[in-house]
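Undergrad: So that we are looking at the same thing, I have put the structure below in structure tokens.
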Protein chains: 2
Amino acid sequence: MTETEFLAELQRIGEERYHHKHPFHLRMHEGKLSRGQLQVWALNRYYYQSRIPIKDAVILSRSDDPEFRRAWRKRIVDHDGSTGSVNEPSPDVAVRGAAGGSAGGIEKWLKLVEVTGGSREQAIRGEGVLPAVRYAVDAYVHFVSTKSLVEAVASSLTELFAGSLIALRMGALRQHYPWMEHGLSYFEARVTQASADAQFALSWVYRNARTVEEQELACNALRAKCDLLWAQLDALYFSYVQPGWPPPGALRLKEQG
Amino acid sequence: MTETEFLAELQRIGEERYHHKHPFHLRMHEGKLSRGQLQVWALNRYYYQSRIPIKDAVILSRSDDPEFRRAWRKRIVDHDGSTGSVNEPSPDVAVRGAAGGSAGGIEKWLKLVEVTGGSREQAIRGEGVLPAVRYAVDAYVHFVSTKSLVEAVASSLTELFAGSLIALRMGALRQHYPWMEHGLSYFEARVTQASADAQFALSWVYRNARTVEEQELACNALRAKCDLLWAQLDALYFSYVQPGWPPPGALRLKEQG
């Protein structure tokens with residue numbers, strides 16, 4: 001596959017499997033979720049957020065290329081924040097504090113938890129997180145720990161689709177849940193972060209997947225990542241909203257057509 | 001805790017969290033599942049069955065006590081079957097073939113898959129298995145790989161409750177789904193296997209959990225195991241049956257009471 005064909009294939013996978021189409025998100029964007037439902041979403045998804053720097057540290061630990069490691073380190077800073085020292089300047093000027101440090105994505109997500117009425121301490125303890133959410137998130141860390149580095153990096157390519165989902169979401173949240181306004185700084189930062197990260201990862205994966213087989217493994221890694229984002233919302237929908245459907249690619253009953 | 005108190009605490013946990021109360025099983029035992037629903041259950045649960053000897057091999061590999069290893073080895077034979085050689089006699093005379101070997105639990109479960117109209121090859125490939133089922137099962141293997149040996153062994157103590165569930169189930173399946181009759185050999189064997197295994201594991205855990213803290217870790221391991229059995233049925237119910245409820249111990253919305 002040429003780079004254009006490869007990107008087209010990734011886009012095709014995202015169109016089919018990325019969680020922008022998940023009914024939980026559709027309801028969120030239509031203003032149909034209650035404050036309690038947004039709260040359990042924020043709290044459960046915090047578990048995912050809290051594991052992102054861990055999975056990025058695993059990826060960092062698996063590369064012997066300093067250039068790659070420097071580029072990838074940015075992600076850990078984005079999520080863990082920085083103290084503003086000269087050695088680790090804030091990547092995000094807008095939220096830099098008096099001391100020049102910046103809040104990371106994890107801290108910003110805790111704000112979202114609080115805005116929805118959840119407890120910061122409960123989120124940090126992981127109390128009440130759905131086991132199925134935990135398993136999906138842990139499967140992600142396990143994936144990047146055990147698959148090839150190309151697959152581990154390719155699993156981040158859901159970020160190709162994050163920008164437009166976040167833009168849509170911020171508009172919808174402001175429209176339907178104006179009381180969430182002060183909890184949206186995570187999303188504001190991610191629009192540019194995710195786009196930059198996705199471009200780096202896409203280019204790196206394309207250069208390092210040297211055979212058709214490796215390109216296919218990279219596509220499968222993106223599918224696997226879509227699966228585990230989707231599975232988290234399935235668990236939430238099932239426990240806290242209603243109906244039922246199999247995720248893309250899973251068995252369907254005859255009566256489900 | 002004395003051994004009696006410890007067992008009472010385990011029973012209390014099982015009463016609250018074991019999957020005998022899961023609505024998917026309740027519907028199964030009331031005769032309310034369609035053949036398609038039983039088929040996706042058999043197929044998804046095959047993934048769990050297929051990982052049991054793997055998790056038992058992990059536990060085996062973590063003990064330096066030959067006596068323990070000999071006792072635990074029985075479980076692998078129960079599930080993988082045996083060829084009937086003198087060194088590895090069949091534990092299950094009833095199903096021993098002409099050559100003196102015996103079908104193991106995995107082979108018997110494949111019979112169940114076929115009786116429900118599923119494909120043996122599809123089950124073996126794991127095709128169409130719900131990602132959330134896969135994550136829960138993989139979390140089990142990860143649990144026994146990384147926790148203390150006492151916790152790994154204690155996670156098997158759901159077998160304390162398996163006997164009465166299986167007895168109930170066999171009656172219900174024969175009553176409501178008589179066409180399943182030739183697929184029930186797995187359950188027939190498990191009634192006695194699970195009981196013997198549970199007694200050994202209970203006694204071993206009690207002797208090896210020497211402090212209150214270790215007894216509590218053992219109780220938590222049983223909770224964790226109940227969670228992941230429950231999560232598998234949640235995923236099935238959500239994708240293939242209907243409504244919605246949080247598993248025991250997870251957050252509940254106010255409107256869910």
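The values are calculated or read from the model by the stated rules, or taken from the named source; none is laboratory data. Here the structure is a predicted model, which means the values were calculated and not measured. Positions of Cβ are generated from backbone atoms using ideal geometry, with glycine treated the same way; all protein chains shown enter the neighbour counts. The protein model used for the area step is the full one, side chains on, heavy atoms only, and it has no ligands, DNA or RNA in it. Shrake-Rupley method; radii C 1.70, N 1.55, O 1.52, S 1.80 Å.
Undergrad: Name the pairs: first residue in the stretch B:229-252 and among the polar types (S, T, N, Q), second residue open to solvent by less than 30 Å² (accessible area, probe 1.4 Å) and modelled with pLDDT of 80 or more, Cβ to Cβ under 7 Å, at least 6 apart or on different chains?
TA: Qualifying pairs under 7 Å: B:232/B:44; B:232/B:48; B:232/B:133; B:232/B:136; B:239/B:130.
Undergrad: While we're on this one: Filtering the stretch B:137-155 down to residues that are assigned to a helix (DSSP H, G or I) and touching a Leu at 6+ places or on another chain (Cβ under 9 Å), which residue is farthest from the other protein chains (Cβ to nearest Cβ)?
TA: Filtering the stretch B:137-155 for residues assigned to a helix (DSSP H, G or I) gives B:137-146, B:149-155.
Still in the running and touching a Leu at 6+ places or on another chain (Cβ under 9 Å): B:137, B:139-140, B:143, B:150-151, B:154-155.
Values: B:137: 9, B:139: 5, B:140: 9, B:143: 10, B:150: 21, B:151: 16, B:154: 17, B:155: 14 Å.
The selected residue is B:150.
Undergrad: Tell me the residue from A:234, A:227 that is within 14 Å of another protein chain (Cβ to nearest Cβ), assigned to a helix (DSSP H, G or I), touching a His at 6+ places or on another chain (Cβ under 9 Å) and of a type outside the set (A, V, I, L, M, F, W, C), please. First the steps, then the outcome.
TA: Working: A:227 fails: touching a His at 6+ places or on another chain (Cβ under 9 Å).
Answer to the selection: A:234.
Undergrad: Considering only residues that are touching a residue at least 40 places away in the same chain (Cβ under 8 Å), assigned to a helix (DSSP H, G or I) and open to solvent by 60 Å² or more (accessible area, probe 1.4 Å), which ones fall in the stretch B:52-70? Give the steps one after another, and end with the answer.
TA: The first filter runs over the stretch B:52-70 and keeps only residues touching a residue at least 40 places away in the same chain (Cβ under 8 Å), leaving B:52-55, B:58-59, B:62-63, B:68.
If we keep only those that are assigned to a helix (DSSP H, G or I) as well, we get B:52-55, B:58-59, B:68.
Once the filter is applied, which keeps residues that are touching a residue at least 40 places away in the same chain (Cβ under 8 Å), assigned to a helix (DSSP H, G or I) and open to solvent by 60 Å² or more (accessible area, probe 1.4 Å), the stretch B:52-70 yields only B:54.
Undergrad: Residues of the stretch B:193-213 being within 13 Å of residue B:151 (Cα to Cα) and surrounded by 15 or more Cβ atoms within 10 Å (Cβ to Cβ), which ones?
TA: Matches in the stretch B:193-213: B:201, B:202, B:204, B:205, B:206, B:208, B:209.
Undergrad: List every residue pair whose Cβ atoms lie under 8 Å apart, where the two residues are 6 or more positions apart in sequence or sit on different chains, the first residue falls within the stretch B:184-200 and is touching a residue at least 60 places away in the same chain (Cβ under 8 Å), and the second residue, located anywhere, is open to solvent by less than 10 Å² (accessible area, probe 1.4 Å) and among the hydrophobic types (A, V, I, L, M, F, W, C).
TA: That search, which allows pairs on different chains as well, returns B:184/B:112; B:184/B:173; B:186/B:109; B:186/B:112.
Undergrad: How many residues, within the stretch A:104-131, are closer than 11 Å to residue A:45 by Cα and either of a type in the set (Phe, Trp, Tyr) or in a loop (DSSP other than H, G, I, E, B) (or both)?
TA: Of the residues in that region, 4 qualify.
Undergrad: Further, regarding this structure: Considering only the stretch A:172-185, how many residues are closer than 29 Å to residue A:54 by Cα and open to solvent by 10 Å² or more (accessible area, probe 1.4 Å)?
TA: Number of matching residues: 3.
Undergrad: Another one. Search the stretch B:120-131 for residues being open to solvent by less than 20 Å² (accessible area, probe 1.4 Å) and either out of contact with any helix residue (DSSP H, G or I) (no Cβ under 7 Å at 6 or more places or on another chain) or more than 9 Å from chain A (Cβ to nearest Cβ) (or both), and hand back the single one that is modelled with the lowest pLDDT.
TA: Looking at the filtered set, the residue picked out is B:126.
Undergrad: Right, something else. Is it true that some residue in the stretch A:67-81 is more than 24 Å from residue A:144 (Cα to Cα) and in contact with an Asp or Glu (Cβ under 6 Å, 6 or more places away or on another chain)? Lay out the reasoning, then the answer.
TA: Of all residues in the stretch A:67-81, those more than 24 Å from residue A:144 (Cα to Cα) come to none.
No: the stretch A:67-81 contains no residue that is more than 24 Å from residue A:144 (Cα to Cα) and in contact with an Asp or Glu (Cβ under 6 Å, 6 or more places away or on another chain).
Undergrad: Sticking with this one: Only one of these is in a helix (DSSP H, G or I), more than 14 Å from chain B (Cβ to nearest Cβ) and buried (at least 19 other Cβ atoms within 10 Å of the Cβ): A:169, A:134, A:190. Name it.
TA: On the way: A:169 fails: buried (at least 19 other Cβ atoms within 10 Å of the Cβ); A:134 fails: more than 14 Å from chain B (Cβ to nearest Cβ).
Sole residue among the options that is in a helix (DSSP H, G or I), more than 14 Å from chain B (Cβ to nearest Cβ) and buried (at least 19 other Cβ atoms within 10 Å of the Cβ): A:190.
Undergrad: Taking the stretch B:43-62 as the region of interest, how many residues are at pLDDT below 90 and not β-branched (Val, Ile, Thr)?
TA: In the first step, residues of the stretch B:43-62 are kept if they are at pLDDT below 90; the result is B:57-58, B:60-62.
Next cut, not β-branched (Val, Ile, Thr) only: B:57, B:60-62.
Total satisfying the criteria: 4.
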